[in-house]
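The values are calculated or read from the model by the stated rules, or taken from the named source; none is laboratory data. Predicted, not measured: the structure shown is a model, and the values here were computed from it. Cβ: placed from backbone, ideal geometry, glycine included. Neighbour counts: every protein chain shown. Protein only, heavy atoms only, side chains kept; ligands, DNA and RNA dropped before computing areas. Shrake-Rupley method; radii C 1.70, N 1.55, O 1.52, S 1.80 Å.
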Amino acid sequence: MIFLTKVKYLLSSLRKQVVKEGFSCPSCGHSESRKVDQKMMVTALRRCLNCRLLFRTPTTSDEENRRFYQREYTENFTMVPDCQQLEDLLKTSFVVSHGRNYNISHYINILNAFGHKTGNRLLDFGCSWGYNSWQLQKAGYQVQGYDISKARSAYAREHLGVDVVCSLEKIQGPFDIFFCVNVIEHVPSVSGMIAFAWS
């Protein structure tokens with residue numbers, strides 16, 4: 001599965017390079033950028049010469065993202081735990097002695113330092129399978145999560161009892177806090193995400 005995903009990405013990236021697609025800044029739309037780094041000959045990190053955003057090329061569209069995050073995305077944080085793994089994570093409040101640490105008490109401390117109070121409404125944008133949402137909810141925030149993946153959203157609802165939706169239209173604001181961790185680099189339009197956050 002991972003090998004097939006990489007081959008599909010390679011072919012898609014090569015096609016985009018040939019037709020010169022996916023090189024405009026995903027935030028401001030500016031077409032001029034400077035290459036900062038490169039990986040596997042088809043992926044580059046570029047800096048927009050207009051707004052200065054660092055972004056990956058070739059970029060992806062909303063539809064490409066939707067397809068990719070439904071089935072193929074398998075980064076460590078997004079790997080849905082089995083029942084025994086989840087039970088172990090819940091026992092330790094998501095602190096893991098080896099491997100990935102899912103505990104976000106440091107983020108909760110930052111929210112508290114900014115004067116946010118338990119009971120505040122919080123949107124966990126890009127919440128994956130709900131591990132942050134669950135901890136925020138346990139800390140006393142009224143949490144609604146959003147994730148593009150239907151499977152991960154369903155897992156959060158069914159196994160963690162967190163209100164997670166997989167459609168932007170189902171998000172029910174207003175919120176006191178827009179919470180977003182390890183997500184901004186995955187969205188097709190950074191400015192679009194920020195505009196949504198302000199709304």
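For the range 16-31, a residue qualifies if it is at negative phi and in a loop (DSSP other than H, G, I, E, B), and the qualifying residues are Glu21, Phe23, Ser24, Cys25, Pro26, Ser27, Cys28, His30, Ser31. Within the range 167-199, the residues that satisfy the criterion of being under 12 Å from the mean Cα position of the chain (by Cα) and open to solvent by 40 Å² or more (accessible area, probe 1.4 Å) are Cys180, Asn182, Ile184, Glu185, His186. Taking the criterion of being modelled with pLDDT under 85 and surrounded by 13 or more Cβ atoms within 10 Å (Cβ to Cβ), the residues of the range 28-43 that qualify are Val42, Thr43.
Here's the yes/no breakdown for (1) open to solvent by less than 80 Å² (accessible area, probe 1.4 Å); (2) within 20 Å of the chain's Cα centre (by Cα):
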residue	(1), (2)
Glu87	no, no
Ser93	yes, no
Ile108	yes, yes
Ala113	no, no
His116	yes, no
Ser149	yes, yes
Ser153	yes, yes
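For Asp124, the criteria (1) open to solvent by 50 Å² or more (accessible area, probe 1.4 Å); (2) acidic (Asp, Glu); (3) at pLDDT 85 or above hold in every case but one, which is (1). Filtered by the rule that a residue be open to solvent by 40 Å² or more (accessible area, probe 1.4 Å), polar (S, T, N, Q) and at pLDDT below 85, the range 61-85 gives Ser61, Gln70, Thr74, Asn76. Here is a check on your reading of the model: is Arg34 in a strand (DSSP E or B), more than 22 Å from the chain's Cα centre (by Cα) and among the basic types (Lys, Arg)? Answer is yes for this residue. Comparison of Gly119, Gly99 shows that the only residue that is at pLDDT 90 or above and assigned to a loop (DSSP other than H, G, I, E, B) is Gly119. Considering the range 155-165 alone, what residues qualify as being farther than 12 Å from Gln144 by Cβ and either under 17 Å from the mean Cα position of the chain (by Cα) or open to solvent by 50 Å² or more (accessible area, probe 1.4 Å) (or both)? Scanning the range 155-165 gives Tyr155, Glu158, His159, Gly161.
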